[in-house]
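Written below as structure tokens is the structure these notes are about.
The values are calculated or read from the model by the stated rules, or taken from the named source; none is laboratory data. Since this is a predicted model, take the numbers as computed values, not measurements. Note that each Cβ is placed from the backbone with ideal geometry, even for glycine, and that neighbours are counted across all protein chains shown.
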Amino acid sequence: MRVGVLQDDAAGQYRAAKHPQPVLDPLPSNLYEGSIQHAAHPNSDPPPDPQTQAINGDTVAHLPPPHQFLNQSANHSPASSAVGASPPEDGPLSSRSERPLMLRAKSDYGPRKQRQSTASSFEHRDGDEASKFKMRHGWEDQLMSPEQANLLSQTFYMYYTDKRHETAGNPKDAKDDYHVQEWRMKDRLKTISALLTVCLNIGVDPPDVIKTNPCARMECWVDPMGTEGPQGSGGANPQIGKNLQTQYETLSMRTRYKLVMDPSIEEMKKYCTTLRRNAKDERILFHYNGHGVPKPTAAGEIWVFNRSFTQYIPISLYDLQSWLGAPGLFVYDCSAAGLIIKNFHPCIKKHETDQVEARRRDPTTPLMNWSDCIHLAACREDESLPTNPDLPADLFTSCLTTPIEMAVRFFILQNPLPGGPTLSEGRNIPGKISERRTPLGELNWIFTAITDTIAWNCLPKPLFKKLFRQDLMVAALFRNFLLAQRIMRKYHCHPQCYPEIPETHNHPLWQSWDYAVEMILAQLPSLIQQAKENKELEYQHSEFFAHQLSAFEVYLSQGALEQKVPEQLPIVLQVLLSQVHRLRALILLGKFLDLGPWAVNLALSICIFPYVLKLLQSQAIELKPVMVFIWTRILAIDQSCQSDLLKDNGYAYFINIISPQTGIPVGNMAEHRAMCAFIIAMFCKDFRPGQN
């Protein structure tokens with residue numbers, strides 16, 4: 001929509017724009033006053049009354065000469081229509097030379113000679129003459145009136161800029177067509193198996209590590225030195241391994257985990273090859289905790305034990321790759337972990353060379369993409385893990401698998417307050433991770449939204465799609481990896497990853513996260529007391545999502561005009577999970593999609609489509625108008641959603657709205673039914689299953 005001409009004169013302005021009239025030079029109202037002489041002689045008496053003249057007792061009207069019609073149309077003063085008016089003293093030629101001329105329209109086919117304007121002749125008149133220039137038809141009074149000026153500033157005529165208005169319906173060039181970008185995940189992978197390798201050898205420190213006293217000791221939130229009993233079934237090892245598997249299960253329940261505590265090289269080879277054989281072409285997670293063995297070698301070799309725990313045995317990366325294959329997801333929690341990533345890729349090139357040689361000998365040898373691997377390392381190649389006794393020894397693993405506990409602990413350490421919660425109380429926030437209406441679940445929900453949004457704004461879109469939308473396990477680990485970047489750099493460690501991502505520790509949204517944590521900790525004593533008494537938890541819910549929706553609303557009113565990428569779009573995706581804010585989020589999402597094809601493609605690329613598809617199963621009547629609006633915009637841009645509407649009879653959602661017996665709570669019911677008809681038409685267009 002554009003702001004156009006004033007509403008009061010809209011029709012006239014539109015006709016003037018369509019059929020331009022010749023432009024007239026302005027005439028002063030007193031141009032001929034005092035200069036019109038009688039036609040007979042310059043010294044004769046003044047002419048009779050300009051309007052009428054008595055002839056033979058009758059009153060008859062006299063018309064001015066033909067050449068004065070021009071003046072009469074431009075000036076309605078009596079002098080301009082006088083009977084018998086003649087040119088001034090200089091004669092007809094002088095009068096004709098001073099009379100403003102009608103300007104001809106410029107030709108579209110060639111230049112024309114411009115007649116010299118007589119406007120300059122008026123510039124040399126006396127000041128008294130110039131002061132008598134006034135706007136005709138009463139416009140000067142209206143223009144000088146404050147009330148009229150205020151009315152004109154508020155009342156405008158709005159007009160459309162559709163193709164039929166701007167291009168008269170002519171087809172656009174092919175280069176101007178908008179091509180829908182691919183947003184579906186065609187190469188989606190699943191991490192179906194995981195090998196959790198923990199090399200602790202509790203009670204024996206590795207030879208190249210000098211531990212301080214006191215030092216960090218907790219592994220998976222278990223203090224191995226505080227557990228009585230020897231190493232083995234009755235010691236700390238089983239509890240640490242059990243906790244580690246439980247922590248990973250909160251990230252992905254569908255993954256099959258194999259736990260190996262203090263393995264030998266034979267056990268490593270056996271379990272790795274077995275997992276690859278069962279996983280086939282799917283991704284395998286390999287978690288390595290090397291706190292009880294030496295640092296990786298300069299060649300990137302990792303260490304395990306012999307069967308009698310009397311020697312450390314190195315495993316080359318080439319052998320590890322041969323056992324695990326690809327694709328793979330590797331997590332290294334040990335000092336100098338960057339050495340493993342550094343030496344991993346030269347071994348991949350050697351595997352690729354060997355594969356080419358093998359296929360040359362036997363063309364039936366299966367292909368494997370050895371480079372399809374993702375790595376997460378605790379620190380650089382020249383760094384050691386922190387030994388602060390207030391931190392867990394497996395700080396990197398804690399950030400990746402228990403981000404809320406680690407983030408709350410970090411906040412308490414960075415913001416010590418008198419009488420504030422202790423570190424042990426910070427781990428006892430009531431609630432469940434999976435229940436968003438509990439304190440712990442709400443914090444986890446906010447954390448997911450914040451880390452997803454930080455990644456969306458900092459990472460290139462193809463890399464974001466690969467790391468945060470392709471695999472649930474990879475997405476969860478990389479969201480938590482952003483927290484590890486923020487926490488561990490405070491203790492002189494810089495987590496590494498491949499593919500590399502930019503530093504995100506100073507993103508402004510971390511301040512919003514700190515505020516959410518602070519609000520929960522302020523209510524923690526009351527929450528702990530309610531949990532002890534088995535009461536229903538009553539607390540002040542966070543306003544984070546309401547504030548972010550307000551920020552998105554501000555973006556729609558200002559930033560959207562320049563097609564800027566909205567920072568809050570991933571948060572809107574998370575808000576769709578909440579029944580409290582769902583309607584408002586859908587309305588704002590509909591306004592965003594209405595900005596054009598670029599907005600629809602942006603929303604689809606962030607995986608909003610599965611959410612709006614699932615909402616078709618909802619029977620909430622208040623959601624129907626906005627759902628119709630959103631689906632109309634999606635199908636207008638991307639027709640490939642037809643098969644999705646066919647699943648679970650999603651198209652019936654719109655057919656029921658078209659039915660006269662069904663109503664939706666909107667005033668413009670006919671418009672929404674028309675949009676439903678469009679959706680059904682697009683569902684059937686060139687889609688045989690939909691037509692049948």
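Candidates in the range 367-395 are the residues that are over 37 Å from the mean Cα position of the chain (by Cα) and surrounded by fewer than 21 Cβ atoms within 10 Å (Cβ to Cβ); of these, the one that is nearest to F411 (Cα to Cα) is D390.
Per this entry, I630 is not counted among residues that are touching a helix residue (DSSP H, G or I) at 6+ places or on another chain (Cβ under 7 Å), without any contact (Cβ under 8 Å) to a residue 60 or more places away in the chain, of a type outside the set (F, W, Y) and surrounded by fewer than 19 Cβ atoms within 10 Å (Cβ to Cβ).
In the range 264-278, the qualifying residues are those that are without any contact (Cβ under 8 Å) to a residue 40 or more places away in the chain and within 17 Å of G328 (Cβ to Cβ), and the one that is surrounded by the fewest Cβ atoms within 10 Å (Cβ to Cβ) is R277. Of all residues in the range 520-546, those satisfying the criterion of being in a helix (DSSP H, G or I) and touching a residue at least 12 places away in the same chain (Cβ under 8 Å) are I520, L521, L524, P525, S526, L527, I528, Q530, A531, F544, F545, A546. Does M225 count as in contact (Cβ under 8 Å) with a residue 24 or more places away in the chain and either within 24 Å of Y318 (Cβ to Cβ) or not small (G, A, S) (or both)? Answer is no for this residue.
If you check L472, L459 for being over 19 Å from H507 (Cα atoms), at pLDDT 90 or above and assigned by TED's automatic domain parsing to the domain that holds V408, only one passes: L472. Taken together, E503, E435 contain a single residue that is surrounded by fewer than 21 Cβ atoms within 10 Å (Cβ to Cβ), in contact with a Gly (Cβ under 8 Å, 6 or more places away or on another chain), part of a loop (DSSP other than H, G, I, E, B) and of a type in the set (D, E), which is E435.
Would you check if there is a residue in the range 359-372 being touching a His at 6+ places or on another chain (Cβ under 7 Å) and at pLDDT 95 or above? No, that holds for no residue.
Counting only residues that are hydrophobic (A, V, I, L, M, F, W, C), more than 30 Å from H492 (Cβ to Cβ) and not in a loop (DSSP other than H, G, I, E, B), the range 355-379 holds 2 of them. Within the range 664-692, the residues that satisfy the criterion of being surrounded by 12 or more Cβ atoms within 10 Å (Cβ to Cβ) and assigned to a loop (DSSP other than H, G, I, E, B) are I664, V666, K685, F687.
Within the range 455-469, the residues that satisfy the criterion of being within 19 Å of Q485 (Cα to Cα), free of Cβ contacts under 8 Å to residues at least 40 places away in the same chain and surrounded by fewer than 20 Cβ atoms within 10 Å (Cβ to Cβ) are P460, L463. Of all the criteria given as (1) touching a Lys or Arg at 6+ places or on another chain (Cβ under 6 Å); (2) more than 26 Å from K465 (Cβ to Cβ), the one not satisfied by F687 is (1). Checking L527 against (1) of a type outside the set (S, T, N, Q); (2) surrounded by fewer than 16 Cβ atoms within 10 Å (Cβ to Cβ); (3) more than 28 Å from W183 (Cβ to Cβ), which test does it fail? Going through (1) of a type outside the set (S, T, N, Q); (2) surrounded by fewer than 16 Cβ atoms within 10 Å (Cβ to Cβ); (3) more than 28 Å from W183 (Cβ to Cβ) one by one, L527 breaks only (2).
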